[in-house]
Amino acid sequence: MAATSPPEVRAAIERFSPRRVSPAAARFAKAVVTAASPETPNRAKALLFAASSLGSFAETVGLELAPEVLLCPSVIERCCLEGATAHTAATRRTLRTNLRAIERRVRPSGPLPPALPRERSKLPYTQAQIACYLALADAQPTESRRRRASALVCLGAGAGLVGADLKALRGKDVAVRAGGVVVEVTSGRRPRTVPVLSCYHERLVVAARWAGGRLLIGGTSPERRNVTTPLTGSLAGGGDLPRLEIARLRVTWLAEVAARIGLKAFMDAAGLTCSQRLGDLVAMLGQMEEAEAVALLGGTL
């Protein structure tokens with residue numbers, strides 16, 4: 001450890017004498033944690049626990065208690081997956097994090113690879129942009145194209161449906177009930193009933209009644225691969241408008257619904273910045289009645 005390290009940190013490392021760890025594993029832990037130069041006694045204790053766990057695991061599988069042998073990703077992963085089964089998942093994650101921190105300080109293996117960029121959400125369309133796309137739909141030269149284009153905008157921005165959801169969707173799958181309008185999605189990986197935002201009710205119902213038992217977005221087979229590109233590519237006019245993006249229509253719906261249910265206020269109040277655990281939380285909640293879902297997600301504010 002560097003001479004400038006606080007004496008209380010050095011003392012914490014010297015006092016380390018765990019009961020359930022062999023003297024050899026304890027010596028290994030002290031050596032690598034000393035080399036890692038933790039800044040505080042509490043940090044030293046956390047690293048000592050991790051390093052002694054790694055040393056104990058190494059003894060059970062016959063590995064040499066040497067930093068160049070144990071402080072490598074493959075051994076650390078084996079320790080966390082095979083040697084720490086008595087610990088909770090949270091403790092095992094912390095163990096892995098601390099062992100990797102020791103590895104980076106004691107046995108650096110060169111610069112870390114650059115982080116891959118995270119895919120960011122597309123921007124939602126504004127109300128003015130949606131109005132322009134609906135006007136473009138109304139300006140199409142044939143009734144078929146007018147109804148299908150209008151339905152596509154309504155199903156994307158009004159119900160968040162995308163290609164797989166739209167493949168087998170027929171006019172009869174749009175229903176007026178429960179105080180609003182719902183869409184029965186039967187294709188794709190997640191069949192479900194989706195309430196439609198109220199501002200799209202009238203247009204969607206007109207298009208659905210026109211289609212009846214036919215495919216609402218066009219085509220003759222629900223097995224076709226590309227559902228929306230032929231329609232968006234054939235829209236006539238609107239030279240000042242960029243090509244309609246189905247993904248942005250869905251994001252438009254997501255943003256509207258998130259605002260409607262107060263998602264940001266909830267996450268701010270809970271101190272959450274990531275939605276990783278929300279799926280686990282939702283799985284514990286009871287199913288909402290359809291009329292309640294329609295009132296919350298599709299009714300008029």
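Values quoted throughout were computed directly from the atomic coordinates according to the rules given, and no laboratory measurement underlies them. These figures come from a predicted structure and were not determined experimentally. With ideal geometry, Cβ positions are generated from the backbone for all residues, glycine too; neighbour counts draw on all protein chains shown.
The table for this structure:
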{"item": "Sites Ser37 and Thr97 - FRET efficiency at Förster radius 22 Å, r taken between beta-carbons, to 0.05", "result": "0.80"}
{"item": "Proximal lysines relative to Lys45, as straight alpha-carbon distance under 23 Å, when same-chain residues fewer than 8 apart are discounted", "result": "Lys30"}
{"item": "Packing-based exposure ordering (other Cβ within 10 Å, fewest first) of Cys274, Cys79", "result": "Cys274, Cys79"}
{"item": "Mean Kyte hydropathy of -0.5 or more with a Cα span along the axis of at least 24 Å, helices from DSSP in the chain", "result": "41-61"}
{"item": "Length added when fully stretched, Lys172-Ile261, from 0.36 nm per residue minus Cα-Cα", "result": "29.2 nm"}
{"item": "Reachable lysines, given that their alpha-carbon falls under 29 Å from the alpha-carbon of Lys122 and they are not under 8 places away in the same chain", "result": "Lys167, Lys264"}
{"item": "Label-point separation, Ser17 to Glu143 (7 Å along Cα→Cβ), nm", "result": "9.3"}
